[in-house]
Amino acid sequence: MPNQLDLHPISTALYFLPVETRVPLKFGPETMTTVTCARVCMTVQGADGRTAQGWGETPLNVQWVWPSALKYAERHETLKEFCIMLARAWREFDHSGHPLEVGHAFQELVLPAQLANLNRQRGPQAEPMPWLAALVCCAPFDVALHDAYGMLHGAPVYQTYAPPYMNRDLAAYLAPATDADVSFAGLYPRDFLVSSAPQQLPAWHLVGGLDPLSADELTGAEPDDGYPVLLSDWIERDGLNCLKVKLRGNDAEWDYQRLVAVGQIAIAHNVDWLTSDFNCTVTEPAYVNQILDRLVAEQPRIYGMILYVEQPFPYDLEAHRIDAHSVSARKPLFMDESAHDWKMIRLGRELGWSGVALKTCKTQTGAVLSLCWAKAHGMTLMVQDLTNPMLAQIPHVLLAAHAGTIMGVETNAMQFYPEASLAEARIHPGLYGRRQGMVDVTSINGPGFGYRLAEIERTLPPPAG
């Protein structure tokens, strides 16, 4: 008998919201100065004929999802084109169920074919758009689907991840590792969520590769907009206790000195935690190991402050099966770009990765299923940012609150484009500013993701496509 709580999508509206950074954000070989956020409104219909609308939003961070020598404009327009293709595909997707069921089916049955179609249209000589980019384009639709389900039934999203809402247990979606005494039969996502989500979370500040660390690095071209520029000023203003350091991954001396410089500032300002992010640019474990070993010998306190190491190696794990056990023997090693889904996390675990950085920008469905697989296999979790402004910030922080992370949540949109979220910040001030090193979720309430959208005064552009 069909579940009377099921839904199916019936229409979508897609909006592109351009955002410019106040300061450039460098990670890996590229620098971001502008981003387009894809915002989606999805209308769904329940089994009883009632309808509801849900919203989702994701930055189309071109440099992160599609690192390439291709011009930014070509990649950017291709991502937007693919979002328009997906808007049509979601409207035509004739599948009913719980959002995890519908979202999983779309990613298994529709998204690969849509990506293949796009890449055929680009021609045999064109560089194909990667799967990570496809996931990010799909994410705002999937987030909107989950939000719409909560709106339809008057329930917060995270309350719906168990019966009577869900039709199937996790065994329908996940398979355990062959060497693990794990079964997903009879278990649901709610079994892997924290029993009582915290109202405040420690906030990780991003130290970008171009961020000045001292006054003698200032050029005079920095913005004079009332927001800090120097790291020490950010620490003092926001009470920060966690710093994520972007590294190059192809210049070991620069990376080492950058970690030392940030570590010394952290120590001077009583900051406890650091993490290092190489953004997929390292090709040999020895590169990371030598930096860590040098820190142990020369800067043991800074070494001790490093909570984990994030994604040094190329994100295509199947093409780059690098044995990472020697790195994870030194520090917890977290997958980020590589963690497309639970199957990639399974492969990462085999290769020696010990933790997973979840992101809503790879779909809410994928994040929840990855969370469950990783926790069942004893892997540590983190929730990482895609510099999420506006609505994108809310599901992002909620995921961290319910996941049970190693330490809070990375959140850095207030560093790079704080003005973009002013409308949302009036309703959710604790989410768009960091106070005493924390973000606060107490303003989130109501069904779905608790956006309180009716109270947010934002004028949207005309729908795309």
Item to check | the range 105-132 residues near the modelled N250 label - backbone nitrogen below 20 Å, point 7 Å along Cα→Cβ | outcome: 127-128, 130
Checklist entry - Shape of the range 295-423 from its Cα gyration tensor (a ≥ b ≥ c, root eigenvalues): rounded if a/c is under 1.5, otherwise prolate when a/b > b/c, or oblate? => result oblate
Checklist entry - On a 0 to 90 degree scale, rounded to 10, what angle separates helix 393-403 from the longest Cα axis of the chain? => result 90 degrees
Checklist entry - For the chain, what is the mean residue ellipticity at 222 nm derived from helices alone (per DSSP H run of n ≥ 4: -39500 (n - 2.57); sum divided by total residues; nearest 500 deg cm²/dmol)? => result -10500 deg cm²/dmol
Checklist outcome for this item: Longest principal axis of the chain (C-alpha) makes with the long axis of helix 131-153 (C-alpha) an angle, in degrees to the nearest 10, of 50 degrees
Checklist entry - Which entries in the list K26/K71; K246/K362; K246/K343; K71/K244 go over 24 Å, if you measure between the two C-alpha atoms of each? => result K246/K343; K71/K244
Checklist entry - Check C37: other-chain or 5+ apart residues with amide H under 5 Å from its amide H, H built from backbone geometry? => result L17, V19, L60
Checklist outcome for this item: To the nearest 10 degrees, the tilt of helix 111-122 (Cα long axis) against the first principal axis of the alpha carbons of the chain is 70 degrees
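Please order E337, E81, E419, E92 by the number of other Cβ within 10 Å, starting at the fewest.
Ranked by crowding around the Cβ, least crowded first: E92, E419, E81, E337.
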Item to check | For L243, residues with placed amide H under 5 Å, excluding near neighbours | outcome: H205, W273, L274, T275
Checklist entry - How far is it, in nm, from the label point at E77 to the one at D94 when both lie 7 Å from their Cα along the line to the Cβ? => result 3.5 nm
Checklist outcome for this item: Here the Kirkwood hydrodynamic radius of the chain, Cα-based and in Å, equals 22.4 Å
Next on the checklist: Order these by the 10 Å Cβ neighbour count, fewest first: L5, L386.
Outcome noted: L5, L386
Item to check | Using a Förster distance of 22 Å, the FRET efficiency for R452-I10 (Cβ separation, nearest 0.05) | outcome: 0.35
Next on the checklist: Need one number for the range 221-377: average projected area of the convex hull over its C-alpha atoms, nm².
Outcome noted: 10.6 nm²
Next on the checklist: Run the paramagnetic zone check for D272: 7 angstrom along Cα to Cβ, then residues of the range 222-241 with backbone nitrogen under 11 Å.
Outcome noted: 241
Checklist entry - Once phi is turned into ³J(HN,Hα) by the Karplus curve 6.51 cos²θ - 1.76 cosθ + 1.60 with θ = phi - 60°, what whole-Hz value does each residue of the range 452-459 show in order, with x for glycine and proline? => result 6, 4, 5, 8, 8, 8, 9, 8
Checklist entry - If you bin the C-alpha pair distances of the range 189-455 every 10 Å from 0, what whole percents do you get? => result 7, 30, 35, 23, 5, 0
Item to check | Euclidean distance between Cα centres, the range 87-130 to the range 1-61, Å | outcome: 15 Å
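Bear in mind these aren't lab numbers, they're just calculated from the coordinates by the rules spelled out. Computed from a predicted structure; not experimentally measured. So basically every Cβ, Gly included, is an ideal-geometry build from the backbone, and we count neighbours across all protein chains shown.
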